[in-house]
Structure formats: structure tokens, C-alpha cells
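Written out below as C-alpha cells is the structure these notes cover.
Rule-based calculations on the coordinates, nothing more; no lab input. All values derive from a computational prediction rather than experimental measurement. Methodologically, a virtual Cβ is constructed for each residue, glycine included, from the backbone with ideal geometry; neighbour enumeration extends over all protein chains shown.
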Amino acid sequence: MASLQSSFLLPSSSCSSRRAIAPAAIHDPKLPNLRISVPTLPNTSTASLNDIEQLCLNQPINAQSPFVSHLHHILDAVADRVEMHNDLHLQRDNWNSLLLNSINMITLTASAMAAAAPAVGALGAPLLGMLVVVNKIQPSQLAEEQRSAARLFKQLQTQIETLITVGAPTQRDVDSAMEKVLALDKAYPLPLLGAMLEKFLKTLEPASWWPNSSHSYESKTENENAQFDGNQRQGSNGWSDELEAEMREIVEVIKTKDAQDYARLGNLVLKVHKSLAISGPLLTGIAALGSAFVGDWSPGGMVVAAAAGSLAAAVNALEHGGQIGMVFEMYRSVAGLMWLMEESVRGTLEETDWEKRENGEVFERKVALKLGRSLPQLRQLASKSTAARTQGICVDEFASKLF
């Protein structure tokens, strides 16, 4: 066998002398390992002839969905929105600090100098005007609006990136992304003049940053539990009657506990906010008026100016330094988040065909994560809610553990 292997290493001139014995001596020779570079062709069962031709010509194959380019343009706009809102958040947060410090320094200085010069009262008009403007626009609340907008745009950016990477986008996905961008633009406007959100509402209205749904869930709330006939259907697309009942109980807890509590606290902060916004300019005006009469017929002008000025500085520090507007905006945003979760779950359960819903196990985990709970904790909460409602009472636990 060694002689046969060595015969393949001889020069070509000796091949002719061995041709006569080759058929008799060689039955199954073992050929040496030869490395030949062959271009990899796609599987012909899945690739078209045109694809193979393009590969052979070293031309790229464009298998990308036409909707991906649309989503990329929307993604660029969303990324730009994130930067704009972040920049405005920093700018308006600086406004809050700078304006507050300026107003308090002017107020205290004018109060301290009231006894020295009656003309100090002339500072009252510009100071009062500055304070009214600051109380009107509420820089701390504006900064919180931009923080919320940047966070929500960042979430949308991540969703679109995931859809482009692992999904198969359709025209519906493109339209939905556009609607979400425009809804966020409307919920958190960038300009101040003409588009600024009202800062002193009569009552708290939860923030709404998602496209309006064409469905009405309020009319279905009373009869939702009457849809169950007691027959436990087995899982289909991760759903079961037990999971549906669990989600309905979670919605009930969100509605009766979390949403109502955030609305109550938000309205309380709103009342304090209004009181401070009125008291600050009022005390500042009294201080300016008192300083104007220092040295004239009103002997108590100095005392009134000093006392009112000090109180005005304290009120302004509490309102703007304590960022009461930001606290109110935080409650408004969280109330909106609870509203969105309630609407999302109701909208999912409204689809009677389980196969058309999002996978039930995935949906359950998503709800649990948004509420800051594990799956066992979520199911335990649903069980507690069921037991409480059979007794005609509300469960004594909030759905969310995050806020």
C-alpha cells in the first residue's frame, strides 16, 4: 500500500510506464487531501435562480422589506425627539434654579433695604412681573414634562429598533409608529407660546400620550365577569379562562386602588400648587406696597415690607425650590400610566379569538414587569381581589409596586 501511495508523488514522465499495471494493481486508491476553494452557493430549495446569479456576480441581494426603510426614517425622527426633549429638560431645569434664586435675592434685598430708601418700592413692579411669569410657566413642571417625553420617546425608539431587527414590519406597523410619534408630540409639546399645557387645571387629568383607541371600555366594565360560563378551556396561544379571569382582576385593582389613589394625591398637590402660586405674587406685591410707604404717613411700612418679603421668599422657595409643579406632573404621568395599562389589558381581552391576541404567557409577564411584581405575586394579587370582591369590599393592596 505504501508503494501505491508513493506512486502518486512521482513526476509525470513515469506515469506512462505504469499505465499497464495500474488496472491490476489499483483497486480502491486513497486520494490525498486536496483543498479547493469553492464559492458557497445558497440552498437551491429556498433561493431563486436570480439570487444565485446575483451571488455569482458578487452583487448584494436586496431582501429587505420595503417597510423597513419607512421605519428607519421614523426611527431617526424619534431619536431626534429624544435629544430635543433632553436638551429642553436641562434648559428648563436651569430656568427654575436661576429664576428662583434671582427672585428670592431681589425680594430679600428689597425687604432689607426698605427702611433705608423709600424708592426701593420701585423694584416691586418688575419683581412682581417676573414672579407672575415664573408661576405661569412653572419651569420645574416643564422640566418634568420633558423628562417624561424623553423617556417615552426612548421606549418607542427601542420598540421600533426591535421590530426592525427581529420582526417582519408591515404597513400597519409603520402607521402605528407614526401615530405614536404624533400622539407623544401632542401630549408633550416643545414650544411654550400657544402650545404649553395648562398648569392649573380644575382637577387632575391623567396624561395621555398614546393614540386614541376606537374602542370604548367603560360600557363593558359592568358585564365583563358575566362572560365566563365556568368551563375551563385549555391553553390556546398561552391563554386560558383562568388567565383571563386573572387579568380582569388585575384591571379591577388598578382601577379601584392605584388610579383613584393617584388621582386623590394629584388633586391634593394641585390645590397646594394653586395656593402657593397665588400667595407668592400676593405677598411680593404687599412687600412692594409696604416699602413704597416707608418714611411717609405709614409708620408700619417697614415692618409690613420686611415681613411680607420674607414670607414671599419662603413661599417661592417652597413652590419652585420644592418643585411642587414637578410633583404634580409626576402624579399626572403615573395616573396616565395606570390608565394606559387598564386600557391595554381591556383592549386585549376584548379580542375574543385567542389566536389573534398576543401570547398569553408573554402578556402576563409583561403586565407583571410593568407593575414591579413576579408572576406568583401577580397571581396572588388576583386571588386576593377575587376573595375581597366576593365579600363586597376592595382589596387592601395596590397593584403597582414601582410607584
| said: For a 24 Å ceiling on Cα separation, which of these pairs sit above it: Lys257/Lys384; Lys180/Lys257; Lys154/Lys180; Lys136/Lys186; Lys154/Lys384? | reply: Lys180/Lys257; Lys154/Lys384
| note | Under the Karplus relation with 6.51, -1.76 and 1.60 and θ = phi - 60°, whole-Hz ³J(HN,Hα) for the stretch 137-148, x at Gly and Pro, equal 8, 6, x, 5, 6, 4, 4, 5, 4, 5, 4, 5
| query | What is the Cα coordinate range of the stretch 316-403 on the first, second and third principal axes, sorted by size from largest, in whole angstrom? | reply | 56, 34, 22
| Backbone HN-Hα couplings from phi across the stretch 365-376 [Karplus 6.51/-1.76/1.60, Hz, Gly and Pro as x] | 5, 5, 5, 4, 5, 5, 8, x, 10, 7, 4, x
| task | Quick one: which residues, 5+ away or cross-chain, put their amide H under 5 Å from the amide H of Trp239? H built at 1.01 Å from N. | result | Gly360
| remark: Computed over the stretch 135-175, the distribution of all Cα-Cα distances in 5 Å bins, rounded to whole %, is 6, 20, 17, 15, 12, 10, 9, 7, 4, 1
| query | Fully extended, how many nm does the chain gain between Met105 and Leu201 (0.36 nm per residue separation, minus their Cα-Cα distance)? | reply | 31.6 nm
| field | 20 °C / 1.002 mPa s Stokes-Einstein diffusion coefficient of the stretch 255-403, Kirkwood radius on C-alpha pairs, µm²/s | value | 110 µm²/s
| Among 185-191, 395-401, 139-145, how do they line up from the highest to the lowest mean number of other beta-carbon atoms within 10 Å? | 139-145, 395-401, 185-191
| Residues Leu193 and Asp241, FRET efficiency given R0 of 56 Å [Cβ-Cβ distance, rounded to 0.05] | 0.55
